[in-house]
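The values are calculated or read from the model by the stated rules, or taken from the named source; none is laboratory data. In this text, all values refer to a predicted model and were calculated from it rather than measured experimentally. Ideal geometry is used to build each Cβ from the backbone, glycine not excepted, and the neighbour counts take in all protein chains shown.
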Amino acid sequence: MINITLPDGSVRQYEQGVTGMQIALSISEGLARNVLAAKVNGEVWDASRPIQQDATVQLLTWNDTDGKKTFWHSSAHLMAEALEALYPNTKFGIGPAIDNGFYYDVDFNGQAFSSDDLPKVEEKMQELAKQKSEYIRKEVSKKEAISYFTEKGDPYKLELLEGLEDGNITFYTQGNFVDLCRGPHIPNTGFIKAIKLLNVAGAYWRGDEKNKQLTRIYGITFPKAKELEEYLHFLEEAKKRDHRKLGKELELFTFSEKVGMGLPLWLPKGAVLRERLENFLKKAQVKAGYQQVVTPHIGGKQLYITSGHYEKYGKDSFQPIKTPDVDEEFLLKPMNCPHHCEIYKSKPRSYRDLPIRYAEFGTVYRYEQSGELHGLTRVRGFTQDDAHIFCRPDQVKEEFKKVIDLVLYVFNALSFEDYVAQISLRHQTDRSKYIGDEALWELAERQITEAATEKNLKTVVEYGEAAFYGPKLDFMVKDALGRRWQLGTIQVDYQLPNRFELEYTGADNQKHRPVMIHRAPFGSMERFTAVLLEHCAGNFPLWLAPEQIAVLPISEKYHDYAQEVFLTLQQKDIRGFLDERDEKIGRKIRDAEVKKVPYMLIVGEKEQAEEAVSVRKKGEGDLGMMKIADFSAHFESEVEKMLSGVKVGEN
């Protein structure tokens with residue numbers, strides 16, 4: 001018999017070799033009907049895979065993220081089966097689950113294929129799904145695997161096999177389709193009820209432009225037809241809110257091939273928006289005891305070797321910059337933390353000096369593959385609202401809680417109300433990608449968990465999501481369309497202080513290591529702006545809007561008065577524009593609405609006579625006539641109300 005520990009902490013005994021599905025059946029038939037896979041000791045398995053020893057088991061359904069990923073990965077295999085049936089001699093690259101659905105990279109071997117063919121593939125997938133074919137896992141030797149795909153003539157699977165070790169290779173079969181796959185998969189194809197293939201794109205094999213370009217087919221599936229209908233409606237809404245579309249319409253940012261892919265150019269209105277966000281956080285940081293620092297965009301290669309970033313991220317970074325000095329190499333900085341370590345190290349520190357909090361809006365660079373670039377959400381150069389807190393071990397939890405307050409202050413001011421704090425820990429068994437002492441890792445993981453509990457945060461635990469140097473608390477935020485984004489992160493790090501030999505003199509007059517807390521409430525200015533833009537559909541909070549007012553004179557006769565109104569409000573730091581075009585007032589109002597300007601101030605004969613403005617608010621209509629001073633007070637009151645949420649540093 002073996003002991004199975006369930007998520008509620010209860011322990012049940014089963015015979016060795018019990019499967020996740022059998023465990024589900026022992027609880028209820030209703031649960032078993034909905035089980036897609038099982039998480040065994042933190043690793044997702046097929047629900048039919050035997051468990052041979054004591055384990056912690058979570059039964060996964062459609063309601064679980066890992067359940068959906070398993071469902072969608074299995075759907076990719078179903079699509080591949082349909083494609084192979086319709087297009088013989090097709091070869092396959094990789095077919096993973098993604099955040100919403102799946103894709104498969106396909107080589108059609110010269111056969112024509114376009115988006116017009118997607119309905120035919122959907123129809124075949126529906127036919128195959130109804131056969132309820134089981135997904136069957138089989139362990140094979142490397143020799144067998146090579147023999148199979150050599151005979152099939154599939155160069156992509158053969159290349160993938162080169163990187164796999166004998167004894168760790170599995171095939172999955174459903175119906176007439178066999179694939180090299182690690183799994184896991186759902187029990188059978190019958191779970192897949194609703195199918196939609198979304199689009200076709202080109203993708204170089206393994207993301208390398210030197211390789212052959214394959215056809216990437218994206219799709220999504222659901223266990224119920226109604227869920228597909230809701231998703232397609234969501235897609236239409238998402239198109240309207242696409243930050244790339246809104247960014248162009250609102251003149252916030254652009255890209256240039258000559259400047260380089262993934263390197264955004266902020267236009268004047270976008271620069272104002274970004275500056276307002278930065279100033280908002282800087283003001284809060286000053287109150288919370290942070291000191292602003294500035295570091296270069298490059299650093300010596302040795303700096304990143306010391307930090308470990310070169311070993312872990314060297315392949316994803318821009319190549320070293322060589323100078324006339326033969327032995328000198330620099331890197332575009334991938335992270336700000338090594339620079340901040342050197343600032344800390346610039347003079348002796350005492351225990352009385354700690355905590356020291358360094359903040360910087362520092363621009364960093366990562367060489368993302370061209371196929372992965374996407375507007376502002378995935379770029380090659382981005383600015384982090386970075387800060388590093390150097391503190392004593394006894395200060396870690398208190399400092400961590402203060403950073404939580406700062407993150408919540410940001411969310412409150414920007415109307416991000418639906419979020420979960422994800423406690424990101426090491427993988428439970430594979431420790432290969434992490435550095436540092438086991439005991440310090442355990443201490444850091446405990447401190448993060450306790451801080452989140454004491455702040456009454458709604459939390460989830462995700463294993464394998466920690467940074468290479470320490471665990472973290474990631475804030476997973478749902479936007480207005482229900483999409484989940486990772487915004488804001490806090491990390492506890494006992495490793496970099498060791499690698500950089502950071503010290504402070506303690507009360508005992510001995511040398512001690514400080515602890516680092518890394519934090520970024522926005523994450524990056526680019527990604528945060530993109531998410532915020534889509535969340536509010538370009539209707540920014542009043543305090544943040546690049547253009548807060550539009551002054552609209554009814555005719556040329558009132559241009560002088562309109563200019564006076566505009567300058568008066570500009571002196572009160574109310575931003576906007578004066579529309580002196582020779583257009584009817586109705587057209588001016590419509591254009592200001594399209595530009596998503598919060599307030600329109602209309603001036604004509606009556607307004608000029610009474611030194612007032614007629615106020616129109618976007619989304620609410622006419623608010624009546626106000627004296628200029630009264631409007632200014634109304635405006636300031638609204639802004640103050642928006643920013644009067646959580647106090648920074650509140651415990």
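Quick check on the range 323-331. Is at least one of its residues in contact with an Asp or Glu (Cβ under 7 Å, 6 or more places away or on another chain) and assigned by TED's automatic domain parsing to the domain that holds residue 497? Talk me through it step by step, then tell me what you get.
Within the range 323-331, the first condition is being in contact with an Asp or Glu (Cβ under 7 Å, 6 or more places away or on another chain), and the residues that meet it are none.
Within the range 323-331, none of the residues are in contact with an Asp or Glu (Cβ under 7 Å, 6 or more places away or on another chain) and assigned by TED's automatic domain parsing to the domain that holds residue 497.
I'd like to verify a number: residues in the range 625-641 that are part of a strand (DSSP E or B) and polar (S, T, N, Q), how many? It would help to see each step written out before you state the result.
Going residue by residue through the range 625-641, those that are part of a strand (DSSP E or B) are 625-627.
When the remaining residues are screened for being polar (S, T, N, Q), the result is none.
Qualifying residue count, the range 625-641: 0.
Counting only residues that are touching a residue at least 40 places away in the same chain (Cβ under 8 Å) and either out of contact with any Asp or Glu (no Cβ under 8 Å at 6 or more places or on another chain) or not hydrophobic (A, V, I, L, M, F, W, C) (or both), how many does the range 1-19 have? Can you show your working first?
Our first condition is that a residue be touching a residue at least 40 places away in the same chain (Cβ under 8 Å); within the range 1-19, this holds for 2-7.
Those still in the list that are either out of contact with any Asp or Glu (no Cβ under 8 Å at 6 or more places or on another chain) or not hydrophobic (A, V, I, L, M, F, W, C) (or both) too: 3, 5-7.
Qualifying residue count, the range 1-19: 4.
Which residues, taken from the range 317-330, are closer than 14 Å to residue 380 by Cβ and surrounded by 12 or more Cβ atoms within 10 Å (Cβ to Cβ)?
Listed by number, the residues that qualify are 317, 318.
Just one of 318, 382 is within 30 Å of residue 242 (Cα to Cα) and in a loop (DSSP other than H, G, I, E, B); which is it? It would help to see each step written out before you state the result.
Working: 382 fails: in a loop (DSSP other than H, G, I, E, B).
Unique residue meeting the criteria: 318.
For a quick check of your reading of the model, give me the residue pairs whose first member lies in the range 444-467 and is touching a residue at least 40 places away in the same chain (Cβ under 8 Å), whose second is among the charged types (D, E, K, R), with beta-carbon atoms closer than 6 Å and at least 6 apart or on different chains.
447/397; 451/397; 451/401; 455/401; 466/426
Have a look at 61, 90, 56 and point out the one that is within 29 Å of residue 371 (Cβ to Cβ) and polar (S, T, N, Q). Walk me through how you get there before you give the answer.
Details: 61 fails: within 29 Å of residue 371 (Cβ to Cβ); 56 fails: within 29 Å of residue 371 (Cβ to Cβ).
From the options 61, 90, 56, the qualifying one is 90.
Answer yes or no as to whether residue 224 is under 17 Å from residue 128 (Cα atoms) and touching a Pro at 6+ places or on another chain (Cβ under 8 Å).
Details: under 17 Å from residue 128 (Cα atoms): yes; touching a Pro at 6+ places or on another chain (Cβ under 8 Å): no.
For residue 224, the condition - under 17 Å from residue 128 (Cα atoms) and touching a Pro at 6+ places or on another chain (Cβ under 8 Å) - is not met.
Within the range 478-487, can one find any residue that is part of a loop (DSSP other than H, G, I, E, B), in contact (Cβ under 8 Å) with a residue 12 or more places away in the chain and at positive phi?
Yes - at least one qualifying residue is present in the range 478-487.
Would you check which residues across the range 241-277 are assigned to a helix (DSSP H, G or I) and more than 20 Å from the chain's Cα centre (by Cα) and list them?
If we filter the range 241-277 for residues that are assigned to a helix (DSSP H, G or I), which is where we start, we get 241, 243-249, 268-277.
Matches in the range 241-277: 248, 249, 268, 269, 270, 271, 272, 273, 275, 276.
If you check residue 253 against the conditions, is it in contact with a Pro (Cβ under 8 Å, 6 or more places away or on another chain) and either outside the structural domain of residue 574 (by TED's automatic domain parsing) or touching a residue at least 24 places away in the same chain (Cβ under 8 Å) (or both)? Before you say what the answer is, go through the steps one by one.
Numbers: in contact with a Pro (Cβ under 8 Å, 6 or more places away or on another chain): yes; either outside the structural domain of residue 574 (by TED's automatic domain parsing) or touching a residue at least 24 places away in the same chain (Cβ under 8 Å) (or both): yes.
Against the criterion (in contact with a Pro (Cβ under 8 Å, 6 or more places away or on another chain) and either outside the structural domain of residue 574 (by TED's automatic domain parsing) or touching a residue at least 24 places away in the same chain (Cβ under 8 Å) (or both)), residue 253 qualifies.
When you go through (1) of a type outside the set (Asp, Glu); (2) at pLDDT below 95; (3) surrounded by 12 or more Cβ atoms within 10 Å (Cβ to Cβ) one by one for residue 233, which number turns out not to apply?
Result: residue 233 fails condition (3) only.
Just one of 434, 419 is in the same structural domain as residue 284 (by TED's automatic domain parsing), of a type in the set (Phe, Trp, Tyr) and at pLDDT 90 or above; which is it?
Numbers: 434 fails: at pLDDT 90 or above.
So the residue among 434, 419 that is in the same structural domain as residue 284 (by TED's automatic domain parsing), of a type in the set (Phe, Trp, Tyr) and at pLDDT 90 or above is 419.
Kindly provide the set of residues from the range 34-77 that are within 30 Å of residue 216 (Cβ to Cβ) and of a type in the set (Asp, Glu), ordered by number.
Those that are within 30 Å of residue 216 (Cβ to Cβ) and of a type in the set (Asp, Glu): 43, 46, 64, 66.
Out of everything in the range 305-328 that is in contact with a Pro (Cβ under 8 Å, 6 or more places away or on another chain) and of a type in the set (Ser, Thr, Tyr), what residue ends up being nearest to residue 369 (Cα to Cα)? Give the steps one after another, and end with the answer.
First, pick out the residues of the range 305-328 that are in contact with a Pro (Cβ under 8 Å, 6 or more places away or on another chain): 306-307, 309, 313, 316-317.
Okay, now just the ones that are also of a type in the set (Ser, Thr, Tyr), so 306-307, 313, 317.
On the way: 306: 26, 307: 24, 313: 13, 317: 10 Å.
Here the residue is 317.
So which of 92, 102, 71 ends up being under 20 Å from the mean Cα position of the chain (by Cα), buried (at least 21 other Cβ atoms within 10 Å of the Cβ) and either more than 21 Å from residue 181 (Cα to Cα) or not charged (D, E, K, R) (or both)?
Working: 92 fails: under 20 Å from the mean Cα position of the chain (by Cα); 71 fails: under 20 Å from the mean Cα position of the chain (by Cα).
Result: 102 is the single residue among 92, 102, 71 that is under 20 Å from the mean Cα position of the chain (by Cα), buried (at least 21 other Cβ atoms within 10 Å of the Cβ) and either more than 21 Å from residue 181 (Cα to Cα) or not charged (D, E, K, R) (or both).
Could you list all residues from the range 138-194 that are surrounded by fewer than 15 Cβ atoms within 10 Å (Cβ to Cβ), among the polar types (S, T, N, Q) and part of a helix (DSSP H, G or I)?
Once the filter is applied, which keeps residues that are surrounded by fewer than 15 Cβ atoms within 10 Å (Cβ to Cβ), among the polar types (S, T, N, Q) and part of a helix (DSSP H, G or I), the range 138-194 yields 147, 150.
Picking from 116, 99, which residue would you name as being out of contact with any strand residue (DSSP E or B) (no Cβ under 6 Å at 6 or more places or on another chain) and farther than 25 Å from residue 33 by Cα? Outline the logic, then answer.
Details: 99 fails: farther than 25 Å from residue 33 by Cα.
Only one candidate qualifies: 116.
Please pick out the residue among 501, 462 that is over 20 Å from residue 410 (Cβ atoms), part of a strand (DSSP E or B) and acidic (Asp, Glu). Don't jump to the end; show me each part of the working.
Working: 501 fails: part of a strand (DSSP E or B).
So the residue among 501, 462 that is over 20 Å from residue 410 (Cβ atoms), part of a strand (DSSP E or B) and acidic (Asp, Glu) is 462.
Looking only at the range 340-366, which residues are basic (Lys, Arg), in contact (Cβ under 8 Å) with a residue 60 or more places away in the chain and either farther than 15 Å from residue 388 by Cα or surrounded by 20 or more Cβ atoms within 10 Å (Cβ to Cβ) (or both)?
349, 357
Can you tell which of 83, 60 is buried (at least 23 other Cβ atoms within 10 Å of the Cβ) and in contact with a Leu (Cβ under 9 Å, 6 or more places away or on another chain)? Explain how you work it out, then say what you get.
Working: 83 fails: in contact with a Leu (Cβ under 9 Å, 6 or more places away or on another chain).
Sole residue among the options that is buried (at least 23 other Cβ atoms within 10 Å of the Cβ) and in contact with a Leu (Cβ under 9 Å, 6 or more places away or on another chain): 60.
Could you say which residue among 294, 286 is out of contact with any strand residue (DSSP E or B) (no Cβ under 6 Å at 6 or more places or on another chain), under 24 Å from residue 389 (Cβ atoms), aliphatic (A, V, I, L, M) and free of Cβ contacts under 8 Å to residues at least 60 places away in the same chain? Even if it seems obvious, please write down each step before you answer.
Values: 294 fails: free of Cβ contacts under 8 Å to residues at least 60 places away in the same chain.
Of 294, 286, the one residue that is out of contact with any strand residue (DSSP E or B) (no Cβ under 6 Å at 6 or more places or on another chain), under 24 Å from residue 389 (Cβ atoms), aliphatic (A, V, I, L, M) and free of Cβ contacts under 8 Å to residues at least 60 places away in the same chain is 286.
Quickly run through the range 22-57 and pick out the residues that are of a type in the set (Asp, Glu) and surrounded by fewer than 17 Cβ atoms within 10 Å (Cβ to Cβ).
Keep residues of the range 22-57 that are of a type in the set (Asp, Glu), which gives 29, 43, 46, 54.
Those that are of a type in the set (Asp, Glu) and surrounded by fewer than 17 Cβ atoms within 10 Å (Cβ to Cβ): 29, 43, 54.
Output the residues belonging to the range 434-455 that are under 18 Å from residue 394 (Cβ atoms), surrounded by 13 or more Cβ atoms within 10 Å (Cβ to Cβ) and among the hydrophobic types (A, V, I, L, M, F, W, C).
440, 443, 444, 448, 451
Exactly one of (1) assigned to a loop (DSSP other than H, G, I, E, B); (2) surrounded by 14 or more Cβ atoms within 10 Å (Cβ to Cβ) is unmet by residue 124. Its number?
(1)
Go over the candidates 433, 401 one by one and state the one that is more than 28 Å from residue 297 (Cβ to Cβ), of a type in the set (D, E, K, R) and touching a residue at least 24 places away in the same chain (Cβ under 8 Å). Walk me through how you get there before you give the answer.
Details: 433 fails: more than 28 Å from residue 297 (Cβ to Cβ).
Step by step, each of 433, 401 is checked, and only 401 is more than 28 Å from residue 297 (Cβ to Cβ), of a type in the set (D, E, K, R) and touching a residue at least 24 places away in the same chain (Cβ under 8 Å).
Which of the residues that make up the range 278-302 are under 27 Å from residue 542 (Cβ atoms) and assigned to a helix (DSSP H, G or I)? Give the derivation first.
Applying the first criterion (under 27 Å from residue 542 (Cβ atoms)) to the range 278-302 yields 278-288, 290, 292.
If the condition is that a residue be under 27 Å from residue 542 (Cβ atoms) and assigned to a helix (DSSP H, G or I), then 278, 279, 280, 281, 282, 283, 284, 285, 286, 287 are the ones that fit.
State which residue pairs qualify: first residue over 12 Å from residue 78 (Cβ atoms) and inside the range 129-140, second residue charged (D, E, K, R) and surrounded by 14 or more Cβ atoms within 10 Å (Cβ to Cβ) in any location, beta carbons under 6 Å apart, and separation of 6 or more residues or different chains.
Pairs that qualify, where the first residue is over 12 Å from residue 78 (Cβ atoms) and the partner is charged (D, E, K, R) and surrounded by 14 or more Cβ atoms within 10 Å (Cβ to Cβ), are 137/46.
If we only count strands (runs of 3 or more DSSP E) wholly inside the range 10-50, which ones have 3 or more residues that are in contact with a Gly (Cβ under 9 Å, 6 or more places away or on another chain)?
37-40, 43-46
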